[in-house]
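Below: the structure, in structure tokens.
The values are calculated or read from the model by the stated rules, or taken from the named source; none is laboratory data. None of these values were measured; they are calculated from a predicted model. Neighbour counts are summed over all protein chains in view; Cβ atoms, including those assigned to glycine, are modelled from backbone coordinates with ideal geometry. Quick note on the areas: whole protein, heavy atoms, side chains included, nothing else; ligands and nucleic acids left out. Shrake-Rupley method; radii C 1.70, N 1.55, O 1.52, S 1.80 Å.
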Amino acid sequence: MKEFNTAGPCNSAEHYMINASTRLQGVEELIDDEKYFVIHAARRSGKTTYLQDLTDRLNAEGKYYALYCSLESISNVVEPERGIPEIVRNLKNEFEETDIPHCLDFAKDADYTNFTGVLKTSLVRFCKLLDKPLVILFDEADCLSEGTLIAFLRQLRDGYNNRSRVPFVHSTALVGMRNIRDYKARVRPESETLGSTSPFNIVTKTYSLQNFTKEEIAQLYRQHTDETGQIFKEDAIELVWEQTQGQPWLVNAIAREAIMEILKSDYTKPVTAELVNRAIQDIILARPTHIDSLLERLKEDRVRSVIEPMIIGEGFVNKESDDFLYTRDLGLIRVENSQIKPANPIYAEVIIRKLSSQVQDELQSPKYSYQMPRYLKPDGDIDVDYLMRDFQKFWHLNSGIWLEMCDYPEAGPLLVMMAFLQRVVNGGGQIIRDMASGNGRLNLLMIYNDKKYPIELKIRYGKQYVEDGLDQTSGYMDLHCCDEGWMVVFDRRSTVKWEDKLYMKKETVDGKTVTIVGA
């Protein structure tokens with residue numbers, strides 16, 4: 001029986017999968033035109049699955065000899081005198097596993113001491129032996145470092161430029177998580193140049209592998225239904241789409257978690273939206289390797305420069321900058337209606353949990369009693385005003401300590417507030433976060449016993465923050481059909497006394513009650 005794959009590339013014999021060729025159009029035409037090109041996408045998006053499928057299709061069609069070659073094992077080998085021979089050996093090993101004619105002759109008697117030419121020479125000699133053009137698909141090309149990367153690309157460029165008189169690789173793809181412009185940024189500062197013979201100018205086109213559409217998610221899940229009879233309810237598919245935005249690993253992981261871990265492979269029960277939500281929460285708490293490795297990127301300065309303004313809703317991020325493009329290529333963010341947002345709600349949740357994890361861990365200490373029963377009214381609703389007063393006391397006493405724990409200091413107050421609220425609702429509620437650059441705030445929806453509590457977090461900037469914030473909070477309340485909401489305003493001015501920062505007052509906006517909470 002097939003399964004939903006969350007480890008390594010997919011194959012149609014063992015895994016439910018979407019035909020890889022439908023996710024990237026135009027590649028075969030580039031190959032026919034003898035072009036060199038780039039394919040990039042975030043990790044666990046299906047790049048390797050696509051490349052292996054493309055290799056098989058090209059070989060089956062018979063026009064070309066196609067080879068898949070991963071460069072991951074050469075990661076971080078900076079010195080070209082070591083890196084280039086390893087690339088040639090990788091190619092040699094891959095050729096020897098194929099049925100391509102003369103496969104055992106590749107790099108035969110290669111002079112590995114000639115690291116500036118051994119790759120090109122080996123490919124030229126091998127192409128002379130072949131009766132059909134050679135296509136090479138280099139996976140994990142962005143793993144190559146500095147000198148090795150430059151030497152690799154220079155030899156490809158040399159062979160590319162002389163193909164009219166000397167046989168060489170017909171077409172090649174450089175595939176990885178990052179676009180080739182990011183390779184340049186890693187090799188040298190923007191103020192420097194590699195000259196007119198830059199090895200990067202051989203690339204004709206750059207492609208990005210797209211996420212699944214909602215229809216493709218339904219198609220993927222339908223394969224399981226056809227094999228087992230177990231159905232995915234429409235609202236379950238809708239929730240998967242909403243929460244993942246089609247990120248392939250997440251789409252598979254949710255189905256796997258719901259079916260194998262929660263339902264214990266009981267195919268008689270349908271997969272419902274409730275099950276999907278449980279699966280999502282389990283994945284968030286487990287923080288599997290895919291998510292954990294992605295979150296490690298949050299420590300990088302260029303990622304921080306994009307994520308921090310997104311959290312606080314303030315500041316300008318140039319969408320043409322290398323920092324923005326790099327963070328987008330990692331799969332952490334997307335652009336919607338001209339605003340930078342988390343790539344999907346699941347990533348939004350794990351980003352915040354990661355950045356506030358130290359505070360959350362400290363709040364587990366027995367000395368803190370901030371748990372939900374403390375804030376429940378007799379009717380089971382949350383006394384949010386009481387909760388906010390407790391937070392004000394907590395913030396007054398501990399803000400200096402907590403802010404020192406935050407890797408993102410500008411967003412520190414919001415991260416601490418969210419850690420506080422998360423501690424309160426753990427085990428019985430949920431917090432939904434809505435953040436985007438340029439909107440001036442971070443919106444939270446706290447849900448407990450099916451009741452919604454909209455909360456807006458702001459850092460005080462300028463004199464219009466209250467007026468603007470009331471309108472924003474009112475609009476957020478309308479979105480969730482709530483008549484009561486809260487706006488928390490953090491005043492970071494050192495010249496203002498705490499007794500002036502800490503206040504609570506209620507305002508009426510269009511018939512709705514907004515409680516302004518100073519912090």
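When residues in segment 1-31 are screened for being over 25 Å from the mean Cα position of the chain (by Cα) and in contact (Cβ under 8 Å) with a residue 40 or more places away in the chain, 4 of them pass.
Checking the stated criteria, Ile283 turns out not to satisfy the condition of being within 30 Å of Lys393 (Cβ to Cβ), modelled with pLDDT of 90 or more and surrounded by 18 or more Cβ atoms within 10 Å (Cβ to Cβ). Scanning segment 17-39 for residues being more than 20 Å from Ser164 (Cα to Cα) and either of a type in the set (Gly, Ala, Ser) or in a loop (DSSP other than H, G, I, E, B) (or both) gives a total of 8.
Got at least one residue in segment 299-316 being within 11 Å of the chain's Cα centre (by Cα) and closer than 27 Å to Asp468 by Cα? No, segment 299-316 contains no residue that is within 11 Å of the chain's Cα centre (by Cα) and closer than 27 Å to Asp468 by Cα. For segment 222-253, a tally of residues being over 20 Å from Lys341 (Cβ atoms), without any contact (Cβ under 8 Å) to a residue 60 or more places away in the chain and open to solvent by less than 20 Å² (accessible area, probe 1.4 Å) returns 3.
Among the residues of segment 94-111, those that are open to solvent by 60 Å² or more (accessible area, probe 1.4 Å) and part of a loop (DSSP other than H, G, I, E, B) comprise Glu97, Asp99, His102, Lys108, Asp109, Asp111. Looking only at residues in segment 40-66 that are modelled with pLDDT of 90 or more, of a type outside the set (Ser, Thr, Tyr) and outside any helix (DSSP H, G or I), the one that is least open to solvent (accessible area, probe 1.4 Å) is Ala66.
Within segment 254-269, being surrounded by fewer than 16 Cβ atoms within 10 Å (Cβ to Cβ) and among the charged types (D, E, K, R) holds for Glu261, Lys264, Asp266, Lys269. Within segment 371-394, residues that are over 12 Å from Val425 (Cβ atoms) have Cβ atoms under 7 Å from residues that are of a type outside the set (Val, Ile, Thr) and surrounded by 18 or more Cβ atoms within 10 Å (Cβ to Cβ) in these pairs: Asp383/Tyr375; Tyr386/Tyr375; Met388/Trp486; Phe391/Met417; Phe391/Phe420; Gln392/Ala519; Phe394/Phe420, counting only partners at least 6 apart in sequence or on another chain.
State whether the residues of segment 148-169 include one that is open to solvent by 30 Å² or more (accessible area, probe 1.4 Å), within 29 Å of Gly8 (Cα to Cα) and either touching a Ser or Thr at 6+ places or on another chain (Cβ under 6 Å) or modelled with pLDDT under 95 (or both). The answer is no, given that none of the residues of segment 148-169 is open to solvent by 30 Å² or more (accessible area, probe 1.4 Å), within 29 Å of Gly8 (Cα to Cα) and either touching a Ser or Thr at 6+ places or on another chain (Cβ under 6 Å) or modelled with pLDDT under 95 (or both). Got a sec? Which of Phe126, Phe138 is in a helix (DSSP H, G or I) and among the aromatic types (Phe, Trp, Tyr)? Result: Phe126 is the single residue among Phe126, Phe138 that is in a helix (DSSP H, G or I) and among the aromatic types (Phe, Trp, Tyr). Of all residues in segment 259-275, those being assigned to a helix (DSSP H, G or I) and over 14 Å from Phe4 (Cα atoms) number 4. Comparison of Val317, Val306 shows that the only residue that is closer than 25 Å to Ser356 by Cα and touching an Asp or Glu at 6+ places or on another chain (Cβ under 7 Å) is Val306. Cβ-Cβ distances below 6 Å connect the following pairs, each with a first residue in segment 289-305 that is at pLDDT 85 or above, a second residue that is among the β-branched types (Val, Ile, Thr) and part of a helix (DSSP H, G or I), and a separation of six or more residues or different chains: Ile291/Val350; Arg297/Val303; Val303/Thr327.
Scan segment 1-28 for residues that are buried (at least 19 other Cβ atoms within 10 Å of the Cβ) and of a type in the set (Gly, Ala, Ser) and the total you get is 1.
Rundown of residues vs (1) surrounded by 14 or more Cβ atoms within 10 Å (Cβ to Cβ); (2) of a type in the set (Asp, Glu); (3) in contact (Cβ under 8 Å) with a residue 40 or more places away in the chain, yes/no style:
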| position | (1), (2), (3) |
| --- | --- |
| Ser321 | no, no, no |
| Phe324 | yes, no, no |
| Arg328 | yes, no, no |
| Asn337 | no, no, no |
| Pro342 | yes, no, yes |
| Ile346 | yes, no, yes |
| Ser356 | yes, no, yes |
| Gln360 | yes, no, yes |
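The single residue among Leu414, Leu445 that is at pLDDT 90 or above, in contact with a His (Cβ under 9 Å, 6 or more places away or on another chain), under 30 Å from Asn318 (Cα atoms) and of a type in the set (A, V, I, L, M) turns out to be Leu445.
For segment 213-236, check the following and say yes or no: at least one residue is at pLDDT below 90 and in a helix (DSSP H, G or I). Within segment 213-236, none of the residues are at pLDDT below 90 and in a helix (DSSP H, G or I).
In segment 71-85, the residue that is nearest to Gly147 (Cα to Cα) out of those that are touching a residue at least 24 places away in the same chain (Cβ under 8 Å) and part of a helix (DSSP H, G or I) is Pro80. For segment 286-319, give me each residue that is charged (D, E, K, R), buried (at least 16 other Cβ atoms within 10 Å of the Cβ) and under 15 Å from Leu415 (Cβ atoms). Matches in segment 286-319: Arg304, Glu308, Glu314.
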